[in-house]
Amino acid sequence: MSSTLSSPALAGATTSPVHEKVIVRDWKFPVALDFFALVALIIAFAIPRAGVSAFRLSTDSDVLKLAPVMMPTTSTVIVVAILLTVLAVLSHWFVLRGKVGRTPLWLTAVFAILVLFAFLTWAASGHTIQVPGLLIGTLTLSVPLIFGALGGVISERVGVVNVAIEGQLLFGAFSAAIVGTVTHSPFAGLIAAVIAGVLVSFVLAAFSIKYIVDQVIVGVVLNVLVTGLTSFFYAKVLTVDAATLNSPERFAAIDIPVLSQIPLIGPVLFRQTIIVYVMYIAIFAVWFGLFKTRWGLRVRAVGEHPTAADTVGINVKRTRFWTVSLAGAIAGIGGAYYTLDVVGSFNKEMTNGAGFIALAAVIFGRWDPIRATLAGLLFGFATNLQNALSIIGSPVPSEFMLMLPYVVTIFAVAGLVGRVRAPAASGKPYIKS
Amino acid sequence: MTDNQKPVTGAKIASGFAGEPVQSPSGAHANGVDANQVDPIVAAPTEPAPPPAANRIITEILGGNAMISFLAIVLALAIGSVLIAFTNPAVQTSTGYFLSRPGDTFSAIANAIVGAYAALFQGSVYNFERSDFINGIKPLTETLTFATPLIAAGLGVALAFRVGLFNIGGRGQIIIAAACAGWVSWSFPMPYFLHMLVGVLAAVVGGAIWGGLVGLLKARTGAHEVIVTIMLNYVAYYLVSFLLRTPGALQASGSNNPKSPAALDTAIMPNLSNLLSVLFPGAPVGTFRLNFSFVLVILATFLVWYILTRSSLGFRFRVVGQNPNAARVAGIDVNRMYIVALVISGGLVGLAGASQVLGTNTTGFTAGIDGGIGFDAITVALLGRSRPWGVFFSGILFGALKAGGYTMQASQGVPIEIILVVQSVIVLLIAAPPLVRSIFRLPAPGSPVRAARRPGRLTEVVTK
């Protein structure tokens, strides 16, 4: 069966798509907005919750303290639901009359924020929501996701699907814990995490580029391999000698002098450890590198059309190899965040699927570092919201909150939320003819 | 491997189409193609239309030989030995004085490795420390018990592979199937055996729906099945977690734990020991955990073998798997094939869920019921090269590793996770035959050296 059904006749018969220039009126957004507005209206009128929802905006350690915002639950939700309806109608108008035939991005963004606000107000009836805590928790949960997603973005941009993010995070966390403990230096741990991520990438790159094994298979198997290796050594070595091998010194939080005094934002963004500051730089650097430099152009060319890139003299395999290695290095730092910052020691399978959520963030963020970062923040927020709501007694079962990122990703991949297009050569090996 | 998946002749391919009246116009196409195909001289100089890369890779994975599989297993066990020796306390102490008495280190290494693999064998095949045969052979039945769900889920993943699809959603499909089978098993009293069959059917339907959802999304929107299946794993997990802690849904009444009630006795799969004692009264039968689901899995293997190699549906599956572009031209509804394949695939994985809930874990289950089977199934399918009987035997191998792994952990202190390492190394190496060949310095297939040794192939080389 090796070459059955492949002949010149069939090659000619595969028709090339005909390109026509038409205004595509995209009705998916308006319909989705209608749906959310309708749900908001139903909740506002059918399931009203009496009481006052309070939002606390400052922590006790802040210099400038903001007064908590008190909102009467029922009326606030009704007002926001009506606003949402107006926005949904507006989106219909934009699609019908607009020149582009699409819902503008600002409208979707405002809509999303209002939905969130309405939901929080409704859920927090009679309770106080600690907004700074909510945001700090969001960032904490998002950091590994964002590092993983950045690794995923540059890897897929060069044409290698990186399913091994989970393995890179886990191996980074593992190496950071051991090296950080043995050397008593979190910086050495961080470097070890980078090397660990690169090592996983080397295997991914070697198998998918040199031996042309399917990238998804290598990624899946690498995750199993890293899980097996780290769990084996955890059970056999780390638990036996936890004090000398698995208690790394953690990074200390650094206050940025002026910025950390900004109310609400300051404590969230600028009282963090060096890993988080590295993340800010990494987000910018990946965006700048991919879209503003010659290196980025080459990377994207290799990922979109390797043959063309090869024709103009770019070494496709070498570019892919080193870019995938860089992706591993970035994801490895995300792993170090677990053991050198937030948790403080390595646990068996401690990444707990974060790599797969990062992969989802890559797709949801449409292979763009900034959007992928926002997607990572959104997923972190959804998870943390569930934690926050379970404290005040959530009216929505926590499992559904936890399910949300995955459902949203399925919708995104199915093209219901927006058109999603992967780099053209992503997942395809380049075989020079 | 064992099944006859060898070259299908042109005549057979043509008859596959001829047997399909709806496809008759495209049958001509297929015949035309075959005319090229049968004659190697015509086929050789022209460059055939290349199928998408993913399909070519899968074809290559499937096209390897048993030798590579065997060498991959040997290499993986060697890597496992290094891990065992490296972490063994006796080895670590003896390396401390390696220069004065190197013999100690080597004997410690040998002891550690031999001890571990002896435990692996005793836990998975035959325990010589037992006096009678029935108890001695018990580990083998344990191996088959562990292998049962692996084979079922592996068949599902393998069938999807043959259509060019990656079903990474085994976990979600097993969880949903388990919930369906479990729900039937305690909610609807029915006669003995019939109840179990209805439960199995519910599981298969549940898995098929969860798998078919992926197929539907892929066919309708082009959503990549890898991402969708990974996401649906989590959705299924949280959905069933929610149901398991909601009174009136799947939670056992009078309990606060997120755990289901036990299955009714009528729904539990007959145990092999019980079956034997009924069939051979008076014969000594032990207390095996192996149950009726193993019989179902054998039947499923036959079924998949029949579908893939003897039915026109299977033929269309394989054509889509080889080259969807060609399949589309030949008049095959590729999108429909994706849906059908993922429905069947999900149903087979669902069978694994049934074997868990109605076979080995009948006292109620939690959301962790899949126990890693969904992911292991991928490695099982890859090791079995996606052939039904290949999957069957690789499932038994992985079942043996699992059964033996527990013994190894208990008696030798080697963590069970080493099995994950061995499995993943096996699959990595099998997926990269050139790597194994270069390690063992084997000639590449079709290379002049090898062709010269086999005169039958010589003509082919010359024409090229």
Computed E for A:Val407/B:Ala90 - FRET, C-beta separation, R0 41 angstrom, nearest 0.05: 0.20
Pairwise centroid distance, computed over Cα atoms, of region B:365-434 with region B:100-122, Å: 24 Å
Accessible surface buried upon A-B contact (total; probe 1.4 Å; Å², nearest 100): 5500 Å²
Listed residues A:Ile165, A:Asn352, A:Leu96: farthest to the positive end of the dipole of chain A (Cβ charges): A:Leu96
Expected-Rg normalisation [2.2 N^0.38 Å, Cα atoms] applied to the protein assembly as shown: 0.99
Choice from A:Lys99, A:Lys236, A:Lys210 with maximal GNM fluctuation in chain A (Cα, 10 Å cutoff): A:Lys99
Cα centroid separation - region B:304-346 against region A:78-119, whole Å: 43 Å
Phi-based couplings in Hz for region A:395-402 (Karplus 6.51, -1.76, 1.60; Gly and Pro marked x): x, 9, x, 4, 4, 6, 5, 5
FRET efficiency for A:Glu349 and A:Thr311, using Cβ-Cβ distance with R0 set to 56 Å, rounded to 0.05: 0.80
Cα-based equivalent ellipsoid of region A:229-307: semi-axis lengths in Å, sorted from largest, via gyration tensor: 35, 29, 8
Extension gain, A:Lys292 back to A:Ala424 (0.36 nm per residue minus Cα-Cα distance, nm): 45.5 nm
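Over the residues of region A:28-126, compute the C-alpha Rg and express it relative to 2.2 N^0.38 Å.
1.27
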Helix-only [θ]222 nm of chain A, DSSP H runs n ≥ 4, -39500 (n - 2.57) each, per residue, nearest 500: -21000 deg cm²/dmol
Mean Cβ neighbour count within 10 Å, used as a protection proxy, ranking B:395-407, B:298-310, B:359-371 highest first: B:395-407, B:359-371, B:298-310
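Treat every Asp and Glu Cβ in chain A as -1 and every Lys and Arg Cβ as +1, leave all other atoms uncharged, and give the resulting dipole magnitude about the Cα centre to the nearest 20 debye.
Roughly 1240 debye, rounded to the nearest 20.
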Region B:233-289 and region A:180-227: distance between their alpha carbon centers, rounded to Å: 40 Å
Portion, in percent, of the accessible area of region A:28-126 that falls on carbon or sulfur, probe 1.4 Å: 79 percent
Mean Cβ neighbour count within 10 Å, used as a protection proxy, ranking B:148-157, A:215-224, A:171-180 highest first: B:148-157, A:171-180, A:215-224
Packing-based ranking, highest mean first, of B:205-217, A:269-281 given that Cβ atoms within 10 Å are counted: B:205-217, A:269-281
Dipole magnitude (debye, nearest 20) for the protein assembly as shown, charges at Cβ of Lys, Arg, Asp, Glu: 1920 debye
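Could you sort B:His195, B:His224, A:His184 by accessible area so the largest value comes first, with the probe set to 1.4 Å?
These residues rank, largest area first, as A:His184, B:His224, B:His195.
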Under the Karplus curve 6.51 cos²θ - 1.76 cosθ + 1.60, θ = phi - 60°, whole-Hz ³J(HN,Hα) for region B:162-170, x wherever Gly or Pro sits: 5, 9, x, 10, 9, 9, 8, x, x
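Is region A:307-433 rounded, prolate or oblate when judged by the Cα gyration tensor, a ≥ b ≥ c being the square roots of its eigenvalues, rounded requiring a/c under 1.5 and prolate requiring a/b larger than b/c?
Note, shape of region A:307-433 comes out oblate.
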Highest-fluctuation residue, A:Val100, A:Val286, A:Val158 considered, GNM on chain A with Cα pairs under 10 Å: A:Val100
Options A:Gly335, A:Val218, A:Leu145, ranked by Cα towards positive dipole end of region A:140-369, top entry (Cβ charges): A:Val218
Cα gyration tensor category, rounded, prolate or oblate, for chain A with a/c compared to 1.5: oblate
Rough spin-label spacing in nm, given labels placed 7 Å along Cα→Cβ, for B:Leu299 and A:Leu66: 6.5 nm
Rounded FRET efficiency, nearest 0.05, which uses the C-beta distance separating A:Val258 from B:Tyr306 and R0 of 60 Å: 0.25
A:Arg56 - accessible surface, heavy atoms, 1.4 Å probe, Å² rounded to 10: 80 Å²
Net length gained if the chain between B:Val114 and B:Gln412 were fully extended (0.36 nm per residue, minus Cα distance): 106.2 nm
Simple spin-label estimate for A:Leu96 and B:Val278 in nanometres, 7 Å along Cα-Cβ: 6.8 nm
Furthest towards positive pole of dipole, B:Ala300, B:Leu351, B:Gly374, structure part region B:263-401, Cβ charges: B:Ala300
Probe 1.4 Å, protein heavy atoms only - accessible area per residue of region B:145-400 in square angstrom: 33 Å²
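Let me spell out the model: positive unit charges on the Cβ of Lys and Arg, negative unit charges on the Cβ of Asp and Glu, origin at the Cα centre of region A:28-126. What dipole size does that give, in debye rounded to 20?
Dipole magnitude for region A:28-126 comes out near 340 debye.
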Debye log10 I(q)/I(0) for region B:208-331, one point scatterer per Cα, at q = 0.12, 0.16 Å⁻¹: -0.85, -1.06
Shielding by partners - mean other protein chain Cβ count within 10 Å, residues of B:241-251: 2
Rounded, prolate or oblate (a/c below 1.5 giving rounded, otherwise prolate when a/b exceeds b/c) for region B:145-400 by Cα gyration tensor: oblate
Percentage of interatomic Cα-Cα distances in region B:305-453 larger than 20 Å: 65 percent
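The values are calculated or read from the model by the stated rules, or taken from the named source; none is laboratory data. As the structure is a computational prediction, the values presented were derived from the model and not from experiment. Glycine also receives a Cβ, built like all others from the backbone with ideal geometry; neighbour counts cover every protein chain displayed. Ligands, DNA and RNA are stripped out before the accessible areas are found, and what is left, the full protein with its side chains, is counted by its heavy atoms. Shrake-Rupley method; radii C 1.70, N 1.55, O 1.52, S 1.80 Å.
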